Structure formats: structure tokens, C-alpha cells
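Just below is one structure, and these are the notes that go with it.
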Amino acid sequence: MKKIISLLLLFITLYADQKVVLQLDWLHQFQFAGYYMAKELGYYKDAGLDVEIKEPTCKTNILSVIPKKEADFAVGHSSILISKINGADIVALGAIYQASPMILLSRNEPNIKRLEDLKNKRIMLTDDAKDMASVMAMFFSKSLTQKDIKVIPHSFNLDDLIDKKTDAMASYISNEPVRMGDKGVGYKVFNPKDYGFWFYDDILFSSSQYIKNNPQATKDFYEATLKGWAYAFDNISQTADIIHKNYNTQNKSLIQLIKEGEILKHLAYKQDTPLGYLDKEQLNDIVKVYKVLGMVTKDLDSDSFIYEYNHPKELAFKLHYEDLFYLLIISLLVIISLIFIVLFISLKKEWIHTKSHLKETILQQSEEIEKQNKIIMMQSKIAAVGEMLSNIAHQWRQPLNIISLNVAKIETSLLLGHDIKKEDIMRISGDINLQAQYLSQTIDDFKNYFSADMNEKSIFSIQETIHKVSELTKDVFNTNQITTVASIEDCKLTCNENLLIQSLLTIYNNAKDAIVESKVKEKYFFIDVHCNAKEITISIKDSGLGIKDEILERVFEPYFTTKHKSKGTGLGLYIAYTIITEHLSGTILTRNVEYEYLSHTLQGAEFKIIIPIL
């Protein structure tokens, strides 16, 4: 009998759902909707998990609940980066909000229109400097220090702002502004992200020890959670209704919960970034702000901080109503043009019979083709410049913020009467100079590329040219976690450098797109350059699985694209082929290759460019 009971208990243990505890950092509200929906819709249950969702108490310390085994997962702010840098065992599974809901809220007063107008005003902030870092960075960027504002303890009572007991207070954009609107009180929002400070929020995290001991449970919990969040944001009204009935410890109205969900959805998705995505560059930017504010001195080990199954960044195409309108107009113009061409040919057909007329028509067509080729070249150039402008805008924001923060830090020390050490001044000066040189170099790169003259020739180093192309594409490659492997023999080349750069940029971007769209795990981009006395050979290959055999021979045809119609015009490789063969007197070939690298078997497309030295 004892054996039967033991076997029965073993059976129950094996097939029972695994208990998992999630610790929230605030009371129940739409802010945590994805976890509720994963539980209510059975996503956790289907993954074999029994999830308990805990509200915090006045004694809850979010950073200690996992080490003390009071919870398996927890939700925290970007300030957990500081704890990670200082040695805490923290692994971030994902950031639900790509931009923090933390804002500064004031009444809509005539004398408060800009952030600078809060100088010498009363502001309610919490006593946690780490959580207030984005707000303080916003002040510093406008040369305001803590001495310039009257910080008073946060009462967490919105009526204090309404009754003018304070001029502004730290708030959540999804909560207090909604309540102000419901009360009919005008308000003004100062959002750190509008000043260039993108802080993650509601970061779901655990410990490396728990993940090591429970790898499958962690992965199942993470995937079920993202599924719950996707449902919550796609079905805000239904989700708000469930929260209102089952998780409404704050007694919020259903309308307030719906408004909160609509606001938070915009914070959860940043352009085409997948839900929960953690970007290494953005994490490093946040750490730079913490450094300027004196909260940390070391860098973040992002590889050990980001969970291994966090989403790879994928580019998504979203067609909006405005795009559909322009697409319809373009389609109508194309149809009208085709009709006009058909009518024109029909009318001309009767009298183009003689040899002289035929020669004249051929000559006109040749000139028209040449003219169209020039137009196509210019269109391609403009498109490339547009992409470069986008990259420059992305590259400039953080250096400008770092310069502003460093200047503000010096001003703060002077205003407070603190002595500034010589080495601190030299370090800050060096940092500002480095950022300024970076901005200047970006301008030079853009100016040189845009001033391309098709007939201009110069003597240049191929190594320097490859470096220029790599600098122009490094951000998008880093964002998509693509590793570049280069082997370059340097030599001098006499031709149009800017046209060569344009061709290489096209091939670089096509390789990047192929790697991203193939969703391969091993993301590599190789460029090899070899020289001899007569010619230079540039070999470019990727790990994007290659081009289908049936279309391999057509990749250089005009208006033919291997991408979806929404993502490609079919002109890029045609322009590159035209530039290399006609303007640089070279050749370009492509093929699919399979090769080994670091014990990995990779497949991809290879482009081989051969250009005469003279």
C-alpha cells in the first residue's frame, strides 16, 4: 500500500504545474496587464506554470526578493543597471516599455511653458535618486541643477498639485495626466524622452542562478508573458475589463484603465522594435547618463545582463493610410503613363517606316535611355542620402546630450562652490572634444559622399574607402548584431571614390537585409580586399543563406528585387552594376557560397568586384 501511495505522489509531482512567483514593483493596474492576461487566458497554464503575481508592500525591496527566494521573477526600473554594475546577480529578460512612463507634471500655468520655467519652483520628487535619474538628466540638459529647484518630498497625492501645494511632481504619464483630465484640470508634461533620454522601464528580470537551474521554465515563462502582452495591447478594452474585475486594488474606473492601456501601448513599441527588446547601445547610453550624474563609474557587461532569448531586432514594414494614399496616386500615374505610351506608339507606328526615321528613333531612344539612367542614378543617390541622414540623426543625439550633461556638471560644481580637480576638467574636456570630433567627422563623411561627381577621378587608398563605408553602416550593423570580419590589403586606386562608396553601400545594405530576413543565428558579414599590379579584387559575402538559384542570374536587372515589393525598388544592385561596369571600368559577379568560420558552417551570397588600378 505504501508503494502505491509513493508512486501516486511521484506521479502528482511530475505532472503538477511548476510554481513561479512574480513580484511587481507597484499596485495592480494596466501597467502590468500582460502578466494578468497570460494568467487569465491560460498561457502560463499551457506552459506548465502556476504563476503567482504579488503586489509590493511597504517593506518590499525589489532587488532582494529574488536572492531571498521570495520571488523567481521581478519587475524593476532602469536603475537595476546600477545594481548589476555593482555586482548584483541580475539577468534582464526584456523591457516591456521602450520609453519610461516617468515624467514631470505641472499645472497648465501661464508662467510654466518650458522646463526652464521651473527654476526656483517647488517640485515633488521621490528620495530615490536612481529612479529620478531621467528627470534630473532632463534638468541638467537645460543647465538646471538641484540647487535651482526646490525639491520637496513626494506625497503621492495628486490633489497637492491641483491645490497648488507644489508646482510640479514626478508622475507616470499613464496615470496622473489621465486623472487630471478626468478632473478637468489643465496640465503640462515634461517628458525625458523628448529631451533625448530614452530610459527603459518595467524590466522583467531574474537571476543567472535561477535561470541556470530552471532554463525551460524561464523560457516558457518569458514566451508566455510576451504572448500575454501582445494580447493585452491588441485588446485593450477587454483587458481593462478583466483588470477592473479581478485586479483593481486601486479602485480605478474602467475608463481610466482603458486610457492607461492606450498610453502605455505607445511606450511599449519603439518604431519597428519587437516587444520586450533590449538594445545594447541604448543600455550603454543609459549607463553614460548614470556616469555623468555620478551614480556609477564602471561599464555594463550587457552580454551577461541580457537574457539569451531576448528578441533579435527585426525590421518590420508597416503601411499606414498616408502611405496607401501615396501608393494609389503613384499607381494611377503609372497607369496613365502606360496608356499614354501605348497611344503614342500606336500613332507613331504608321509613319516610322523609313530607314532614316528608324535611325532617328533609335538615336532618340538611346538618348532617352541615357537620360533615364541619369535620373535613376540620381534617385538612387537621393535614397542613399535619405538613409544616411537618418543614421546621422541617430548618431548625433547621444553625443550632443553627453556634451550638454558634461557642461552642466561643470556649471553645477561652480554654482555649488565645489572645487574642480584638474584631472576632472581634463577628463570632461577630453570627453567633450572627442564627441565634437565625432560630430565633425560625421559632417565630413556626409559632405564628401553627397558631393559626388560622376566624372571626377582621384587617387585614394582602398583601405580608407572601406573604412568610410563601414563608418556609414556601423550603426545599422550593430543594431542588428551583425559581426563584420575584414581582411584588407591596402593599395592606391585611381577612379571615382564616391561612386565606389555608393556601390559598396548598396551591397552592404543588401547583405544586412539578407541576414535580418533569413533570421539566422550566426550573423556575419565578410569583406576581403586583394591587390596586384593591375587590379583590385573586393570580395563581399554574408551569412544570409544566399539567393535562390532561379533568380541568381537576374539580380542585376533593373526593377528586379529579391525582397518583398514593400522593401525594395530593384534599382540598388542595377545601379551598383552600372557604376562598376561603365563608370569604374570593372566587373561584378555574384554567386552562392558555403564556407566555415569559427566552427560554424555558413551559407550566403558572395559579390566579387574587380576594378583596374588605373
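Nothing in this text is a laboratory measurement; each read-out follows from the coordinates by a stated rule. None of the values given here were measured: they were computed from a predicted structure. Cβ placement follows ideal geometry from the backbone for every residue including glycine, while neighbour counts extend to all protein chains displayed.
Quick notes on this structure:
- Cα shape, the range 167-265, gyration tensor, a/c 1.5 rule: oblate
- Burial order of peptide ranges 259-268, 543-552, 91-100, 161-170 (average beta-carbon count within 10 Å, highest first): 91-100, 259-268, 161-170, 543-552
- Alpha-carbon centroid distance for the pair the range 247-317 / the range 19-85, whole angstrom: 16 Å
- Within the range 120-183, chymotrypsin sites (Phe, Trp or Tyr not before Pro) in DSSP loop having at most 15 other beta-carbon neighbours inside 10 Å: Phe156
- DSSP-defined beta bridges in the range 453-614 - what % are antiparallel, rounded to 5: 85 percent
- Ranking of Leu505, Leu499 by count of other Cβ atoms within 10 Å, fewest first: Leu505, Leu499
- Each of Val334 and Glu262 was given a label point 7 Å from its Cα along the Cα-to-Cβ line. The distance between the two points is 3.7 nm.
- FRET efficiency for the Ala436 to Ala16 pair, using the beta carbon distance and R₀ = 56 Å, is estimated at 0.35.
- With R₀ set to 35 Å, the beta-carbon distance separating Asn120 from Glu517 gives a calculated FRET efficiency near 0.05.
- Per-peptide average of other Cβ atoms within 10 Å, ordering 423-433, 145-155, 279-289 highest first: 279-289, 145-155, 423-433
- The spacing between the range 501-536 and the range 121-192, judged by their C-alpha centroids, is 49 Å.
- Computed FRET value (nearest 0.05) for Gln209 with Asn61, which takes r as the C-beta separation and R₀ as 22 Å: 0.75
- Ranked list, fewest to most other Cβ atoms within 10 Å of each Cβ, for Thr479, Thr590: Thr479, Thr590
- For the range 451-529, applying the loop criterion from DSSP together with a ceiling of 10 other beta carbons within 10 Å to the trypsin sites (Lys or Arg not before Pro) yields Lys521.
- Taking each residue as 0.36 nm, the span from Cys491 to Ile613 lengthens on full extension beyond its C-alpha to C-alpha distance by 43.1 nm.
- Highest-first arrangement of 599-607, 69-77, where packing means the average Cβ count within 10 Å: 69-77, 599-607
- Within the range 453-614: Cβ-based charge dipole about Cα centre, in debye rounded to nearest 20 (Lys, Arg +1; Asp, Glu -1): 360 debye
- The range 102-195 - convex hull of alpha carbons, volume per residue in Å³: 89 Å³
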